[in-house]
């Protein structure tokens with residue numbers, strides 16, 4: 001079935017949802033109790049990102065925090081307006097047959113995809129490195145599941161592709177193939193599976209088994225000249241070009257996540273810093289990690305938390321997850337103190353990392 005989507009001239013570009021919101025906000029004052037404070041958030045964005053938002057929304061950025069649905073904007077479950085247009089654009093951008101936007105991240109997307117693929121209650125083969133949402137969904141839906149434990153590589157839990165393919169092949173040859181196989185394409189530790197090889201092996205092992213590929217951290221790789229060829233969707237198109245018959249394949253991802261992280265493993269200590277700031281800040285953390293490699297994290301326990309109201313002159317980093325609570329120049333406040341206490345109570349180590357001297361070499 002083909003639908004004709006009416007769009008305004010401004011929404012004929014690559015951002016139909018943003019354009020529609022802009023149209024709805026024009027000439028009126030709108031108050032929202034749902035949307036995130038976009039205007040406030042842009043104040044803390046890196047300059048290039050902020051400039052992109054300002055170019056997208058132009059003069060309407062202050063009124064861009066809107067909460068519309070249904071006839072005013074589009075139907076979430078049966079879109080035929082700007083949401084449908086946005087999903088069509090996204091599918092083209094990611095080289096997929098179709099794209100569906102979720103509102104609760106990859107956790108809910110994994111649940112929806114698994115329930116759709118295993119709607120007849122068939123057996124599920126699960127990569128043990130998968131996100132917990134996959135196991136929770138299979139358990140709640142009472143799906144018969146087999147979990148393939150990940151392999152340990154230098155302290156990181158990685159997908160056991162050999163065992164996954166072997167189990168799929170054995171089940172297919174027995175006449176009782178798995179209905180769905182779930183595999184993780186990108187790990188929290190920064191590893192990326194070469195899906196060109198992995199996808200071919202899984203399809204050859206059990207041609208009728210549907211595949212759910214969790215690529216939560218790999219959305220941005222579809223736009224990287226160096227990494228695109230490793231992605232699941234690129235592998236799907238490669239196999240399709242080779243005339244290989246494919247089972248149903250669903251790829252889930254979080255468009256706001258990336259694996260653009262810095263990682264270091266001094267003396268068995270694994271630190272991941274996810275950088276969403278400037279190159280200079282990233283450079284500071286590179287130097288800090290080099291320092292940690294020599295001190296093996298000894299700064300974690302010798303330095304007290306900053307004094308309330310003082311200007312922080314170092315990085316305060318709970319690990320895990322490795323995301324700084326404060327960076328040099330921040331004011332130490334009650335909110336940051338409580339965040340540190342919560343992370344510590346949850347089992348994280350609080351690292352106080354000195355700001356190193358500037359270096360000349362680019363990141």
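Points worth noting:
- Going through (1) touching a strand residue (DSSP E or B) at 6+ places or on another chain (Cβ under 7 Å); (2) more than 18 Å from residue 235 (Cβ to Cβ); (3) touching a residue at least 24 places away in the same chain (Cβ under 8 Å) one by one, residue 172 falls short only on (1).
- When residue 198 is tested against (1) modelled with pLDDT of 85 or more; (2) farther than 27 Å from residue 138 by Cα; (3) within 24 Å of the chain's Cα centre (by Cα), exactly one condition is not met: (2).
- Strands (runs of 3 or more DSSP E) contained in the stretch 99-186 and holding at least 1 residues not assigned by TED's automatic domain parsing to the domain that holds residue 200: none
- Of residues in the stretch 131-142 being within 23 Å of residue 176 (Cα to Cα) and in contact with a strand residue (DSSP E or B) (Cβ under 7 Å, 6 or more places away or on another chain), the one surrounded by the fewest Cβ atoms within 10 Å (Cβ to Cβ): 135
- Qualifying positions in the stretch 213-227 - surrounded by 14 or more Cβ atoms within 10 Å (Cβ to Cβ) and part of a helix (DSSP H, G or I): 219, 220, 221, 222
- Count of the stretch 307-323 residues, restricted to those that are in a loop (DSSP other than H, G, I, E, B), closer than 29 Å to residue 188 by Cβ and modelled with pLDDT of 80 or more, is 1.
- Filter result for the condition that a residue is surrounded by fewer than 21 Cβ atoms within 10 Å (Cβ to Cβ), part of a helix (DSSP H, G or I) and either within 24 Å of the chain's Cα centre (by Cα) or at pLDDT 95 or above (or both), over 254, 234: 234
The values are calculated or read from the model by the stated rules, or taken from the named source; none is laboratory data. Nothing here was measured: the structure is a model prediction, and the numbers come from that model. Cβ coordinates were reconstructed from backbone atoms using ideal geometry, including for glycine residues, and neighbour counts include every protein chain displayed.
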